[in-house]
Structures are given as structure tokens and as C-alpha cells.
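What follows is a single structure, written as C-alpha cells, with notes after it.
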2 protein chains.
Amino acid sequence: MNSSREETDNKIAAANAAYEHVKDVAPRTRAGWLTGVAAGLESHADELVELGQEETHLDEGRLRFELRRTIFQLQLFAEEIIRGEHLDATIDHADPDWGMGPRPDIRRYSIPLGVVGVFGASNFPFAFSVMGGDSASALAAGCAVVNKVHEGHLRLALRTGEVVEEALDQAGAPKGLFSTIVGREAAERLVDHPLVKAIGFTGSTAGGRMLHDRASLRPSPIPFYGELGSINPVFVTEAAWRSRSAEILAGFASSFTMGMGQFCTKPGLLFVPHTDMDVAALLRTEIAEKPRRPLLSKKLREGFDAALEGMRSTPGVDVLVDGDDSETPHPTLLVTTAERVRERPGILEQEMFGPAAVVVTYQPGEDLPSLARLLDGQLTATVHGEPDENVAALLDELRERSGRLLWNAWPTGVTVSYAQHHGGPYPATTATTTSVGTAAIGRFMRPVAYDSFPPSRLPEPVRDENPWRIRRRVDGMWEAPAAEETE
Amino acid sequence: MNSSREETDNKIAAANAAYEHVKDVAPRTRAGWLTGVAAGLESHADELVELGQEETHLDEGRLRFELRRTIFQLQLFAEEIIRGEHLDATIDHADPDWGMGPRPDIRRYSIPLGVVGVFGASNFPFAFSVMGGDSASALAAGCAVVNKVHEGHLRLALRTGEVVEEALDQAGAPKGLFSTIVGREAAERLVDHPLVKAIGFTGSTAGGRMLHDRASLRPSPIPFYGELGSINPVFVTEAAWRSRSAEILAGFASSFTMGMGQFCTKPGLLFVPHTDMDVAALLRTEIAEKPRRPLLSKKLREGFDAALEGMRSTPGVDVLVDGDDSETPHPTLLVTTAERVRERPGILEQEMFGPAAVVVTYQPGEDLPSLARLLDGQLTATVHGEPDENVAALLDELRERSGRLLWNAWPTGVTVSYAQHHGGPYPATTATTTSVGTAAIGRFMRPVAYDSFPPSRLPEPVRDENPWRIRRRVDGMWEAPAAEETE
């Protein structure tokens with residue numbers, strides 16, 4: 001089943017040929033390919049969701065929602081590239097009076113990088129997998145994609161790949177623009193191959209870091225956009241705790257158990273004031289209502305069990321709500337104190353990917369900002385507070401350590417939009433970019449300037465007449481494109 | 001003279017404290033610091049240019065122009081950040097009807113990374129040195145800068161640092177926001193220090209690659225924006241050669257000898273049709289008129305001599321115009337053929353930093369695109385052609401391998417503007433970004449999203465009322481800021 005080196009090389013070569021062939025097509029053409037893939041996924045929804053249920057233990061509702069999100073993402077990216085936002089087209093006309101001396105005519109826009117290697121995650125078999133955010137943004141950018149599928153849902157992955165290839169073919173895209181490979185050897189070859197120009201990765205910190213270093217040490221280093229690990233701390237202020245502890249605990253119980261805790265944005269740390277209230281009983285009741293399912297895969301389950309066991313056996317960490325080790329494990333909540341965490345900051349650094357979290361209690365007047373300073377880089381950080389409280393210092397420390405801040409909300413669920421940012425300081429991600437939302441497209445492009453070119457030789461995005469009707473910056477000022485085409 | 005580890009650590013800590021203190025100031029305040037530095041450099045122009053003449057062998061006119069460019073850059077960046085372009089502010093209001101399901105209120109903008117380490121180059125003692133493009137863009141982004149000065153012009157560098165620190169102080173910026181360090185040990189510490197969040201580097205391929213790998217392998221990797229080496233090939237078509245060979249050779253002679261060939265954009269390779277014309281005589285005459293000066297430093301001279309000797313002794317490479325090894329060396333031109341280059345593509349990969357270049361002659365009907373495919377990554381690539389020629393395939397190959405394409409122009413001289421791009425595939429640079437022009441600022445920022453925040457807790461750039469009057473994208477549509485302030 002694993003791809004041989006020759007197969008991998010052939011797919012990369014075919015991807016590069018496809019990229020070369022279509023790297024300069026008009027955005028509307030490329031958008032048609034994206035919406036074609038969206039339609040292909042939609043028309044195979046029943047089959048794909050069924051395969052997903054068989055392989056992942058996720059329920060139908062969740063899988064259907066995730067597929068809808070995946071389809072929507074392709075459609076949104078199609079609209080985005082028609083607007084030309086990703087091209088960042090900028091025109092500086094020649095200016096004899098420019099402040100530092102005469103300026104030649106210079107025009108810049110962004111071109112696709114080439115072949116992109118994408119490593120899908122197991123926990124979102126659609127949204128962060130074969131045709132997930134990395135593949136969609138690389139295709140939107142104009143790149144070709146070779147996708148190393150996740151073995152956790154191999155049949156679904158390969159079938160999704162077939163559906164995508166078929167849809168691209170029907171939409172008129174060149175063969176080879178998208179393909180899949182299998183296995184560790186193929187994965188390493190993908191990172192090493194001279195024709196591969198960037199990597200998108202979602203997975204574990206250890207595996208991601210290894211591939212990051214490998215990509216960085218190539219004879220010709222390439223960008224490695226890796227999403228590794230995140231614990232997503234939630235801080236509850238004393239005032240918020242006084243006014244609505246039950247509501248907060250209910251929200252927490254829902255968020256950390258969502259998808260059996262197998263979300264990269266699962267809140268794995270809850271900082272609350274020390275209390276005489278029976279938090280354990282409250283949480284136990286909340287959790288009892290949540291559906292329980294097996295974890296995604298045996299490998300993931302083993303990793304979860306080991307991480308949980310490691311945390312449970314850490315001195316100063318106690319059990320708050322005991323889970324079990326059944327096939328559909330009851331969630332576990334551990335508890336420790338701010339004092340102990342200050343002695344052993346490592347407690348804050350261990351991700352437990354699955355249905356478990358740590359509650360950290362703190363004493364009245366605790367210095368929350370300095371506690372926040374003990375945290376690693378995170379995808380998200382959340383504060384539950386009251387309207388009149390001053391938590392600026394805490395928010396500031398959390399912003400230094402995360403990519404998305406939430407206020408009185410929960411981090412699970414990441415909408416695909418223009419302003420979304422899904423990324424954060426290392427080890428949350430290995431770059432400063434986002435892997436979700438329209439801004440993800442730019443990761444797979446690079447700018448090129450045209451200096452002193454005659455009008456007839458300029459590419460479409462930077463011609464004065466703006467044939468693609470995109471938004472551009474001209475001599476420093478942004479210009480709206482001509483009225484939308486009505487066709 | 002070299003900074004001790006303790007000194008280096010203290011400067012980095014002070015830089016971080018300064019960054020923390022002012023990371024959220026309004027763009028107008030920060031712009032005032034940049035224009036303050038510009039004014040400080042201007043008021044010390046005579047002193048600095050004199051020091052530069054003593055240490056670099058560059059003439060007064062060149063140094064004055066370079067200082068003017070450096071000052072202009074600071075002023076342009078000040079304007080740019082007042083417009084808020086670097087913030088990339090994006091607002092998605094909550095939307096219950098969003099295509100993939102209800103969307104929360106999400107707002108994103110970019111914040112500074114923290115302390116940036118900058119390594120200045122020797123060849124532009126102002127424009128790519130202490131307060132060159134990397135320092136200016138990092139300060140504009142809101143970062144603090146610790147600058148590892150180049151030993152090639154140590155007194156000038158340290159004096160420039162003093163002028164900058166004094167100007168920042170007078171403009172009201174916090175102490176420590178900018179400082180300088182000296183020496184290799186300090187340089188390595190700068191790349192390793194946990195508080196340093198990015199590196200800007202201009203220098204040699206070997207040194208830059210070593211530091212790139214070091215930055216990538218840190219416990220917490222950081223972006224390394226390195227500009228390493230580039231040979232800047234120029235292709236002359238048969239038609240252009242027929243119609244204006246003398247003019248092209250004159251332009252080439254001026255461009256490759258500019259600054260004694262010590263420009264990162266020096267055209268080091270000229271591809272011309274094989275000819276019976278006495279090219280050597282023509283070039284010798286052109287070169288004879290050019291001013292000659294010693295190279296920038298002894299170390300650089302040794303490197304140049306070694307590179308030139310290596311190229312001269314390459315089989316198949318002959319001398320076209322002989323130079324000399326005087327203190328102010330006469331430029332050397334070597335010659336080879338396309339045929340030999342195809343046998344030994346290494347000829348195309350050796351940068352000779354100084355007054356030397358290689359002319360490559362090709363036979364009628366030569367396949368120029370396939371010749372271009374032998375090239376490494378470049379900052380620039382140039383074509384001299386005639387209006388009716390079809391050179392699309394050649395331009396395409398050159399675009400794949402460079403960051404700036406020129407048509408019937410010369411690559412030396414890099415204007416600072418909105419559309420400028422100074423960067424290219426490895427080894428030209430280690431990232432896809434530019435180190436010149438307003439787009440350089442974004443390298444030192446990262447996006448952060450605010451999810452579900454109440455209006456009163458939102459930072460200025462993403463408040464509905466737009467207090468900083470910056471350009472923003474709101475619900476997918478770009479909005480112009482309110483009318484410019486008239487104060």
C-alpha cells in the first residue's frame with residue numbers, strides 16, 4: 001500500500017508539470033476548479049461520510065458538518081481568488097521626482113510557489129485532511145499538491161483523493177495537479193524532493209518538529225507551515241467565577257469533551273479560583289451527558305493513555321473526575337494548584353490529545369499574568385471575565401503566547417473567514433501564518449517584481465487596464481476594481 | 001571591543017523591555033520615532049559620510065546618496081505605518097447566516113514579533129547596515145532591534161548606532177529600543193537568545209546559511225530573513241544584439257563595475273550571441289572610463305581574489321578583459337560558451353563579489369530557456385530584447401528563479417517603494433519576503449485574532465470606530481479610512 005520512491009517521484013514530477021502548465025491561468029479558471037472539487041465532494045457526501053464513520057468512530061452529524069465546512073472553504077477561496085486578494089498586486093509607475101531619486105516603473109504581484117507537500121491530520125478527516133485547509137489554500141494559490149494521507153483513515157483518504165482528482169479532471173484542470181501518497185518513506189521523500197517548494201503539516205509536535213528541521217536543512221530550504229500542539233488555556237477571573245461558575249463549568253465540559261477532546265483547540269487547562277464548591281460533582285454531572293465514542297485510532301488512543309498517565313502521576317496533580325479505560329473512555333479531569341504549577345511549569349506543557357484536561361486552582365489575589373508567562377506558545381487563549389474588570393495585563397501576556405484570544409467564549413470550533421487566524425507561537429505552529437481562513441492562501445505564494453517592462457509584456461495582474469478586475473495598490477493608493485462583472 | 005555575553009544579554013533584555021513598553025503605541029507615535037531617526041542621521045550627515053569615506057573607500061557622492069536613501073526609507077516607512085498598511089486589520093462581524101454555520105465576531109490585525117536581531121552588510125554602510133532596511137522595517141513593525149554591526153566599518157557603525165539611539169531618545173522612544181553589539185560570539189548569542197524572535201541578515205551565503213540553520217534548530221525556531229548571494233544573469237537576445245550591441249555593452253560595463261562590483265544586484269553573467277565583433281575591445285574602452293577604488297575591506301578583497309582565481313582556472317573559461325591585482329583593481333571579464341556551461345553548470349553558481357563578470361556566448365538558435373534552467377535562485381534576472389520578439393519561455397524560466405525581472409534595464413540600484421521586491425529563491429534569500437520597500441515591514445509582525453470580544457476591550461486597530469483611521473477589510477470588503485486628519 002505504501003508508495004514507493006519511484007511512485008512518489010513520479011507524482012511529484014507530474015504535479016510540477018501540471019503546475020508549470022497552469023500557473024498563470026486566470027483566477028476565474030482556477031476558481032472553477034475549486035468549486036468543481038467542492039461539487040465533487042458534495043455529490044459523494046453519503047459515500048464519504050459512511051467511510052468516515054467506519055474508519056474514525058466520529059458520528060454522522062459531525063462528519064456531515066465537517067464536510068460542509070470543507071466544501072464551504074473551497075467555495076470561499078474560489079471567491080477570494082476571483083477578487084485577486086491573494087495576488088497583492090502593486091504598481092509603482094515611473095516617478096522622476098521620487099524622494100530618493102528617479103524611480104523606474106515597478107510592478108509586483110505574487111505567484112504560486114510550485115509543488116506543495118501536504119500532511120493531513122487524523123482528527124479532522126475532511127477539514128484538515130486530504131482536501132482540508134492546506135490543500136485548498138495551496139490549490140487556490142495556484143500550486144500543485146501532493147498529499148501524504150493519514151493512515152488513521154486510509155480508505156477514506158484515498159477515496160477522497162480519487163473524488164478530488166476526478167472532479168478536477170471534469171472541471172478541466174490538468175492531470176497531476178493533485179495526488180496522494182502513502183507511508184513514511186514517501187513522506188520523507190516529499191519533504192526532501194527538490195521540486196517540492198513548501199510543506200503544510202498538521203500533526204504531532206514530535207513528528208512536525210522532525211519534518212520542520214528536515215525541510216530547513218535541505219540543500220535548498222523550504223517553508224514548513226506546521227501546526228503542532230496546543231493546550232489552549234482558559235483563565236476564569238474571580239469575579240466571573242463568583243457570578244457564573246456553573247455556567248462556565250458547563251461550557252468547559254462541553255468544549256473539552258467535544259469530539260472526544262480530539263480538537264487542536266481543546267481547552268486543556270482551566271484556571272479557576274480556589275473554591276469550597278463541589279466542582280467535581282458539577283463537572284461529573286455535565287460530563288455524564290456527553291456522548292462517548294472510541295478515540296480516532298488505536299495509535300492515538302495509546303498516545304492519549306500515555307500522556308494522561310504521565311500527567312496523573314506527576315506529583316501535585318490529583319484526580320478531580322476519574323475517567324475510565326473503556327473503549328469509549330469517560331473523560332478525566334485532573335486538578336492542581338497555581339502554587340504547584342509555579343514549581344513545575346512542565347505541567348502546563350503536556351498536551352493530552354483526547355478527553356482529559358487539567359483544572360488549576362488559584363488563591364484570591366493570585367498574579368494571573370505571571371502565571372500566564374509560564375505558558376508555551378498556543379493556538380488560542382481564553383479569558384472569562386466580567387465587564388468592569390481590568391484584565392489588560394493578563395490579556396497582554398496571553399496575546400504574546402497565542403494566535404487567537406477569546407473573551408467569554410470557547411476555543412473549539414474554528415470558523416473559516418477573512419479575519420480568522422489559526423496559528424500561534426511555537427510549538428503551536430512553526431510559522432507566523434494561519435492555516436485556516438482566506439489568509440492561508442498567501443503562504444503558498446511569493447512576490448515577483450517586474451521592473452521597466454513595456455505594457456505589452458506585463459502579466460495580466462499588473463497591466464494598467466486591469467483585465468482581471470482585481471483590487472490593486474497603485475502609486476501607494478489602493479484602487480477598487482472596475483464594477484463587478486455581471487455575467 | 002567585542003561584546004561579552006553579559007553585555008549582549010543585557011542589550012537583548014533591555015530591547016525586550018522597551019518592546020513590551022511600546023508595542024501598542026499608536027502608529028503616529030512610532031512614525032515620529034522613525035522620522036526622528038531620519039532627522040538625526042541628516043543632521044550628522046557630514047560626520048557620518050566622512051567616517052564612511054575613511055573606512056570603506058567609497059566616495060563621498062555615493063555615500064551621500066546612500067545616506068539620503070536611508071533617510072528617505074525611514075520617512076516612507078513612517079508614512080506607511082500611519083496608513084496602517086502593515087497592520088492588515090480585518091474585521092468579520094458575527095454572522096448567523098455564514099455559509100458553514102454561524103460565525104462569531106472575529107477581528108485580526110498584526111502585532112510586532114518582539115526583539116529582532118539584525119546583521120548588517122559591509123557593502124552598503126548605510127542602506128543595508130546599522131539603520132538599513134532590516135532595522136528600519138523592524139522598528140516600523142513595532143519591534144526592538146539589536147544590531148550586530150559589521151566589522152568592515154566598525155567606527156562608522158558604532159557612531160551611527162549612537163546617533164540613532166540619541167535620536168530615538170530625543171523623539172521620546174524608550175531606552176533600549178535600538179542597540180548595537182560587536183563580534184562573532186555576540187552574533188551567535190543573538191541568534192540563540194530566547195527573547196530574540198526573528199533575524200534579518202545580509203551577507204555571504206556560507207555565513208548566512210550557517211546562521212539560518214542555527215535559527216531553525218533552536219528549541220523554539222525563529223524566522224531567518226537572510227539575503228545571501230546572487231549572480232543576476234542578463235540575457236541578450238539575438239535581435240537586441242544585432243540592433244544595439246554597443247549600447248548594451250556600455251550599459252553592462254557601467255552596471256557590473258558600479259561600486260567596484262560590490263552590489264548584491266551586480267550583473268555577474270551576460271549571455272550574448274557569439275559574434276565576430278571585438279567585444280573585448282569595446283568593453284575595455286568602456287571600463288577604462290570607470291573610476292577605480294580599493295575594495296571595501298581586506299577580507300572582502302581576499303574573497304574576491306579567491307573567487308576570481310577559481311573562476312579563471314575553470315576549464316573552458318578564458319579571459320576576455322584582463323584585470324590587475326593593484327590596490328584599485330582593474331575589472332576582469334571572463335568568457336565562456338553556452339556549450340561549456342551546459343557541461344559545467346557550476347560556472348553559473350559562483351558569485352564573484354567585486355569587479356568581475358562572466359560573458360557567456362551562445363550560438364544562433366540557442367535554446368535560452370533551457371540555459372536559464374541551469375541557474376540557481378537569484379535576486380534579479382534581466383532580458384534585453386526587441387519589441388516583437390517572443391521571449392515568453394525565457395522570461396518564464398527566469399521568473400521561476402528570481403525575485404525581480406528587468407526588461408532592457410540594469411539590475412543595480414534598488415529603489416525603495418511600494419511595489420519593490422528584493423528577494424528571490426534560495427540561495428538569493430532564505431525566505432519568500434522582500435528586504436527592500438514597504439512590504440519589508442510585515443516580515444517582523446504576526447497576526448492575532450480577537451474572538452467574541454466586547455467593543456470596550458478591543459484594541460484600537462479593530463474597533464468599529466477605527467480610531468487610528470487605517471484601511472481595513474470589513475466583512476470581506478475593504479473600507480477606506482475616514483478622511484485624512486488635517487492636523
Original post:
Out of curiosity, is A:THR429 touching a residue at least 60 places away in the same chain (Cβ under 8 Å) and buried (at least 24 other Cβ atoms within 10 Å of the Cβ)?
Top reply: yes
Original post:
Quick one: B:SER297 ticks every box in (1) within 23 Å of the chain's Cα centre (by Cα); (2) of a type in the set (Ser, Thr, Tyr); (3) modelled with pLDDT of 95 or more bar one, so which box is it?
Top reply: (3)
**OP:** Could you please let me know if A:VAL191 is under 30 Å from B:ARG373 (Cβ atoms), buried (at least 18 other Cβ atoms within 10 Å of the Cβ) and touching a residue at least 60 places away in the same chain (Cβ under 8 Å)?
**Re:** yes
**OP:** Output the residue which, of all residues in the range A:141-160 that are out of contact with any Pro (no Cβ under 9 Å at 6 or more places or on another chain) and crowded, with 21+ Cβ neighbours inside 10 Å, is farthest from A:LEU300 (Cα to Cα).
**Re:** A:VAL145
**OP:** Only residues that are surrounded by 23 or more Cβ atoms within 10 Å (Cβ to Cβ) and in contact with a Lys or Arg (Cβ under 9 Å, 6 or more places away or on another chain): list them for the range A:266-296, please.
**Re:** A:LEU295
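Conditions tested, residue by residue: (1) outside the structural domain of B:ALA136 (by TED's automatic domain parsing); (2) under 28 Å from A:ALA393 (Cα atoms); (3) buried (at least 23 other Cβ atoms within 10 Å of the Cβ).
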{"residue": "B:ALA18", "(1), (2), (3)": "no, yes, no"}
{"residue": "B:HIS21", "(1), (2), (3)": "no, yes, no"}
{"residue": "B:SER43", "(1), (2), (3)": "no, no, no"}
{"residue": "B:GLN53", "(1), (2), (3)": "no, no, no"}
{"residue": "B:PHE65", "(1), (2), (3)": "no, no, no"}
{"residue": "B:ILE81", "(1), (2), (3)": "no, yes, yes"}
Original post:
Among the residues of the range A:127-138 satisfying the criterion of being over 12 Å from the mean Cα position of the chain (by Cα) and in a loop (DSSP other than H, G, I, E, B), which is nearest to A:ARG83 (Cα to Cα)?
Top reply: A:MET131
Subject >> Single match in A:VAL341, A:VAL321, A:VAL317 (criterion: in contact (Cβ under 8 Å) with a residue 12 or more places away in the chain, in contact with a Lys or Arg (Cβ under 7 Å, 6 or more places away or on another chain) and surrounded by 16 or more Cβ atoms within 10 Å (Cβ to Cβ)) >> reply: A:VAL321
Original post:
Can you list the strands (runs of 3 or more DSSP E) found entirely within the range A:187-281 that contain at least 2 residues being in contact with a His (Cβ under 6 Å, 6 or more places away or on another chain) and at pLDDT 95 or above?
Top reply: A:224-227
Original post:
Of everything in the range B:459-478 that's in contact with a Phe, Trp or Tyr (Cβ under 6 Å, 6 or more places away or on another chain) and more than 9 Å from every other protein chain (Cβ to nearest Cβ), which residue is farthest from B:ALA419 (Cα to Cα)?
Top reply: B:GLU460
Subject >> Given (1) more than 24 Å from B:MET260 (Cα to Cα); (2) surrounded by fewer than 18 Cβ atoms within 10 Å (Cβ to Cβ); (3) away from chain A (no Cβ under 14 Å); (4) touching a residue at least 60 places away in the same chain (Cβ under 8 Å), number of the condition B:ASP59 does not satisfy >> reply: (1)
**OP:** Being within 17 Å of B:PRO459 (Cα to Cα), surrounded by 24 or more Cβ atoms within 10 Å (Cβ to Cβ) and of a type outside the set (Lys, Arg) is the filter here, so list the residues in the range A:381-404 that pass it.
**Re:** A:ALA381, A:THR382, A:VAL383, A:LEU398, A:SER402, A:GLY403
Original post:
Residues in the range B:427-446 that are touching a Leu at 6+ places or on another chain (Cβ under 8 Å) and at the interface with chain A (Cβ under 9 Å from one of its Cβ atoms): how many?
Top reply: 6
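The values are calculated or read from the model by the stated rules, or taken from the named source; none is laboratory data. Nothing here was measured: the structure is a model prediction, and the numbers come from that model. With ideal geometry, Cβ positions are generated from the backbone for all residues, glycine too; neighbour counts draw on all protein chains shown.
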